[in-house]
Amino acid sequence: MTPSHIGVVGSGTMGGAIAHLMALSGYDVRLSDVSQPALEQAVRRMRSWMEMNVSKGKMTQEDADGTLDRISITTELNHLADCSFVVEAVFEDLQVKEQIFSQLDQILPQAAIIATNTSSMSITLLAEYTKRPGKVVGMHFFNPPQVMKLVEVVRGYKTDNDTVAKTMDLARNLGKEPIEVKKDTPGFIVNRILIPQLLEAVRLVEEGVATPEDVDKAIRLGLNSPMGPFELQDYTGVDIGLNVVDHFYEEFRNDRWAAPLSLRALVRAGRLGRKTGAGWYDYPSDSK
Ligand code: CAA
């Protein structure tokens, strides 16, 4: 499938980067957000990354200009009306997603696919906000999406085979390796495995076994992982991690998924990581 236009809803870290990836791969993209400053910020991030690559000789100025020309930004979701494929990548708030899914359902052509980059929410539930549940699918990218090779293509209860096949094709056209997640389960595959590791890392620090820095060092050097669990949480956002953990707890109803108090305290204190703010390395732990 070659979608005529691809829409991306949400211009935060993931949405902006997914739109960028699509434009780099030659697609015309409409990027929508309720906030004009957030849209402009997303374009600045794309521009500065491409300027760096042009200066390193990894990309031509012509290609960088062409990529930006393929992206149009808008605060009106209605401007996505001619898109045959849309990826929703707004923050994990069910009410906001409900509103977006039902509006997209009204404005998009009948055959259009609505994909979501949610990292934990039920595809089956999101699909029920539309009258086209067969055309709703999970398309879960990893941060940074321009670099990370995997895309989880997640089947909701009613997602049809054609939608899964077209989403897998699109992921391949973006240079990714898609895998099909055959059942709609919280966290899909990667987060289902990653989150217990992150929780265990926090518990080690709470027990005073090691500092966050040393846990990270252990995982980097002992498992050859590019980042330790605390670096990774700071990189993707500590609040986003807590959101996912709380969602797992709700869904599984099992204490195994209960968020450690120090994780919640860090979020309450506004230490959210993402490089800009303080994160785990600043947590006032007894083990320091
Ligand atoms: N956007 C675009 N490209 C980026 C980038 C970004 N934000 N960050 C790094 N890159 C590119 C760089 O340009 C560089 O490209 P070249 O090799 O072509 O020059 C390459 O990535 C390597 O970058 P660096 O040399 O600057 O740094 P690094 O080698 O330390 O790699 C990293 C950075 C790719 C982020 C690496 O540390 C890494 O793989 N970390 C783990 C990331 C990870 O696990 N992500 C998954 C998070 S979980 C998730 O996303 C799911 C969820 O639901 C929350």
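Bear in mind these aren't lab numbers, they're just calculated from the coordinates by the rules spelled out. No experiment lies behind these values; they were computed from the predicted model shown. For neighbour counting, all protein chains shown are included, and Cβ atoms are generated from backbone atoms with ideal geometry for every residue, glycine included.
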For this session: Set the Förster radius R0 to 35 Å, insert the Cβ-Cβ distance between D82 and K158 as r into 1/(1 + (r/R0)^6), and round the FRET efficiency to 0.05.
Result: 0.90
For this session: Please give the length that would be gained between R203 and L223 if that part of the chain were fully extended, namely 0.36 nm times their separation in residues minus their C-alpha to C-alpha distance (nm, one decimal).
Result: 5.3 nm
Problem set entry | Scattering profile of region 190-279 at q = 0.18, 0.22 Å⁻¹ [log10 I(q)/I(0), Debye over alpha-carbon scatterers] | -0.77, -1.15
For this session: Please state, rounded to one decimal and in Å, the Kirkwood hydrodynamic radius that the chain gives when every pair of distinct Cα atoms enters the mean of 1/r.
Result: 19.8 Å
Exercise. Tell me, what is a quarter of the convex hull surface for the C-alpha atoms of region 133-288, in nm² with one decimal?
Worked result: 10.1 nm²
Problem set entry | Gain upon complete extension [F252, A278; 0.36 nm per residue less C-alpha separation] | 6.3 nm
Exercise. Restricting attention to region 1-108, which trypsin sites (Lys or Arg not before Pro) occupy a DSSP loop and are surrounded by at most 16 other Cβ atoms within 10 Å?
Worked result: K56, K58
Exercise. Which three semi-axes in whole Å describe the equivalent ellipsoid of region 1-154, each the square root of 5 times a Cα gyration tensor eigenvalue, listed largest first?
Worked result: 26, 15, 14
Exercise. Stretched out fully, how many nm does the piece from D69 to R44 gain, at 0.36 nm a residue minus the Cα gap?
Worked result: 7.6 nm
Exercise. Under 17 Å from the 7 Å Cα→Cβ point of K183, by amide nitrogen: which residues of region 110-140?
Worked result: 121-125
Seminar exercise, completed: Eigenvalues of the alpha-carbon gyration tensor of region 1-43, times 5 and square-rooted, give semi-axes in Å, largest first, of 19, 10, 7
Exercise. If contacts are Cα pairs under 8 angstrom and at least 6 residues apart, what is the relative contact order of region 24-156 in percent?
Worked result: 19 percent
Problem set entry | the chain - share of DSSP beta bridges that are antiparallel (%, nearest 5) | 15 percent
Exercise. Going through region 246-283, which trypsin sites (Lys or Arg not before Pro) have at most 10 other Cβ atoms within 10 Å and a DSSP loop state?
Worked result: R253, K275
Problem set entry | Set of lysines with alpha-carbon distance to K166 below 20 Å, sequence-local pairs under 8 removed | K131, K135, K149, K158, K176, K182, K183
Seminar exercise, completed: Distribution output for region 58-129: share of Cα-Cα pairs per 5 Å bin in percent, first bin at 0, values 3, 14, 23, 20, 14, 10, 8, 6, 2
